[in-house]
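S.K.: Let me begin by handing over the structure; questions about it come next.
The values are calculated or read from the model by the stated rules, or taken from the named source; none is laboratory data. Note that the coordinates shown come from a computational prediction; the quantities given were computed from them, not determined experimentally. Ideal geometry is used to build each Cβ from the backbone, glycine not excepted, and the neighbour counts take in all protein chains shown.
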Amino acid sequence: MSQTLTILFIGDIVGNPGMNAIRMFLKSFIDKHQADIVIVNGENICNGKGVTEKEATELFNLGAHVITTGNHIWENWQARPLLSSNPMVLRPYNYPPGNAGKGMTIIELPHIPPVGVMQLQGRTYMQSIDCPFRGVDHAIAKLSERTPIIIMDFHADATAEKISMGWHVDGRVSAVLGTHTHVQTADATILPKGTAYISDVGMTGPYDSVLGMSKEIALKRLLLQTAHKYEMAENDAKLCGVVLKVNKNTGKSESIEAFMYPKMRTSIHE
Ligand SMILES: [Fe+2]
Ligand SMILES: [Fe+2]
């Protein structure tokens, strides 16, 4: 039996174009990599705002085991009953107590060891929620009672805060995978003590856009310096994420590979 677990993590799914990319490409990625575990970030599915029961059910049917979210989950009232009722749909752990939902869970499947999943959110340029560094220590203490395999979605804006988190938990979790900024970074690595790290896994959604939103509206907001209602973009949907190989016994990562499909056009000859 293989000593490594293959984990597929998919970055922020944005709107219907993002869901269409999932419908078109996810299964072939699961098959190609023979993924044991699939985790997706669903914070932007409903026109950029959260995820509800309907989309969550479809994602679970398409192979997801856990859905993480982020700051935009709170803008969708219909997401709250989902957070309260389904322990496989997470919101960041370090929101103040009293909010709906949970920030960590354990995936238990036959024939593979338990896999812990947790999500924390950064504070730099974001809401002033509880400290993610103290929060992650508490979450690791809980999850590591059950398993050394722990995947962390760090939903944060500032790369410095994300990189700092990587150093803070190196050797204590299997992977720190950045979400929220929607642009895949070229810094995927294995840190010295065995934690896989990437500052952002990238958006699953329409790239003919500004981070998934209409580029016309985004430009208007910048050029006119007044509020204009965001609209979803539609075209050039891509699937973004990482494939992790994790040692089943130690929880250390052996490799991390970022992917974007279809890849960006980088030549006029493509
Ligand atoms: Fe997002
Ligand atoms: Fe976000």
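S.K.: Tell me which of these L59 doesn't satisfy, since it passes every other one: (1) away from ligand 1 (no atom under 16 Å from the Cβ); (2) closer than 23 Å to K245 by Cα; (3) among the aliphatic types (A, V, I, L, M); (4) in a helix (DSSP H, G or I).
M.R.: Among (1) away from ligand 1 (no atom under 16 Å from the Cβ); (2) closer than 23 Å to K245 by Cα; (3) among the aliphatic types (A, V, I, L, M); (4) in a helix (DSSP H, G or I), the lone unmet condition for L59 is (1).
S.K.: Out of T226, T204, report the one residue that is in contact with a helix residue (DSSP H, G or I) (Cβ under 9 Å, 6 or more places away or on another chain), crowded, with 24+ Cβ neighbours inside 10 Å and modelled with pLDDT of 95 or more.
M.R.: Working: T226 fails: crowded, with 24+ Cβ neighbours inside 10 Å.
Selected residue: T204, the only one of T226, T204 that is in contact with a helix residue (DSSP H, G or I) (Cβ under 9 Å, 6 or more places away or on another chain), crowded, with 24+ Cβ neighbours inside 10 Å and modelled with pLDDT of 95 or more.
S.K.: Return yes when G15 is within 16 Å of ligand 2 (Cβ to nearest atom), touching a Gly at 6+ places or on another chain (Cβ under 8 Å) and of a type in the set (G, A, S) and no when it is not.
M.R.: yes
S.K.: Could you grab me the full set of residues in the range 145-161 that are among the hydrophobic types (A, V, I, L, M, F, W, C) and either in a loop (DSSP other than H, G, I, E, B) or buried (at least 17 other Cβ atoms within 10 Å of the Cβ) (or both)?
M.R.: I149, I150, I151, M152, F154, A156, A158
S.K.: Can you pull out every residue in the range 17-46 that is within 15 Å of ligand 1 (Cβ to nearest atom), part of a helix (DSSP H, G or I) and more than 15 Å from the chain's Cα centre (by Cα)?
M.R.: P17, A21
S.K.: Shifting gears a bit: Which of the residues that make up the range 9-36 are among the aliphatic types (A, V, I, L, M) and more than 25 Å from D208 (Cβ to Cβ)?
M.R.: I30, A35
S.K.: Being modelled with pLDDT of 95 or more, under 14 Å from G70 (Cβ atoms) and among the aliphatic types (A, V, I, L, M), is that true of even one residue in the range 130-151? First the steps, then the outcome.
M.R.: Here is the first cut: in the range 130-151, the residues modelled with pLDDT of 95 or more are 130-151.
Right, trim to under 14 Å from G70 (Cβ atoms) and you get 132.
Now drop any that are not among the aliphatic types (A, V, I, L, M), which leaves none.
Within the range 130-151, not a single residue is modelled with pLDDT of 95 or more, under 14 Å from G70 (Cβ atoms) and among the aliphatic types (A, V, I, L, M).
S.K.: If I go through the range 85-96 residue by residue, how many of them are free of Cβ contacts under 8 Å to residues at least 40 places away in the same chain and either outside any loop (DSSP other than H, G, I, E, B) or within 16 Å of ligand 2 (Cβ to nearest atom) (or both)?
M.R.: To start, the set of residues in the range 85-96 that are free of Cβ contacts under 8 Å to residues at least 40 places away in the same chain comprises 85-88, 91, 95-96.
Restricting the remaining residues to those that are either outside any loop (DSSP other than H, G, I, E, B) or within 16 Å of ligand 2 (Cβ to nearest atom) (or both) gives 85, 91, 95.
Here the count works out to 3.
S.K.: As an exercise: evaluate H72 against (1) surrounded by 18 or more Cβ atoms within 10 Å (Cβ to Cβ); (2) away from ligand 2 (no atom under 16 Å from the Cβ); (3) within 16 Å of the chain's Cα centre (by Cα) and give the number of the one condition it does not meet.
M.R.: Unmet condition: (2).
S.K.: Name the single residue that is farthest from ligand 2 (Cβ to nearest atom) among those in the range 26-43 being buried (at least 18 other Cβ atoms within 10 Å of the Cβ) and not β-branched (V, I, T).
M.R.: D36
S.K.: Shifting gears a bit: Hey, can you tell me all the residues within the range 172-198 that are buried (at least 21 other Cβ atoms within 10 Å of the Cβ), within 16 Å of ligand 1 (Cβ to nearest atom) and not in a strand (DSSP E or B)?
M.R.: If the condition is that a residue be buried (at least 21 other Cβ atoms within 10 Å of the Cβ), within 16 Å of ligand 1 (Cβ to nearest atom) and not in a strand (DSSP E or B), then H180, T181, H182, Q184 are the ones that fit.
S.K.: Here's another thing I want to ask about it. Considering only residues that are small (G, A, S) and either crowded, with 24+ Cβ neighbours inside 10 Å or on the phi < 0 side of the Ramachandran plot (or both), which ones fall in the range 44-57?
M.R.: Within the range 44-57, G50, A56 meet the criteria.
S.K.: In the range 65-84, what residues are away from ligand 1 (no atom under 16 Å from the Cβ) and assigned to a loop (DSSP other than H, G, I, E, B)?
M.R.: Those that are away from ligand 1 (no atom under 16 Å from the Cβ) and assigned to a loop (DSSP other than H, G, I, E, B): H65, W77, Q78.
S.K.: Which one of A233, A186 is farther than 19 Å from I149 by Cα, among the small types (G, A, S) and in contact with a Pro (Cβ under 6 Å, 6 or more places away or on another chain)?
M.R.: Every option except A233 fails the conditions.
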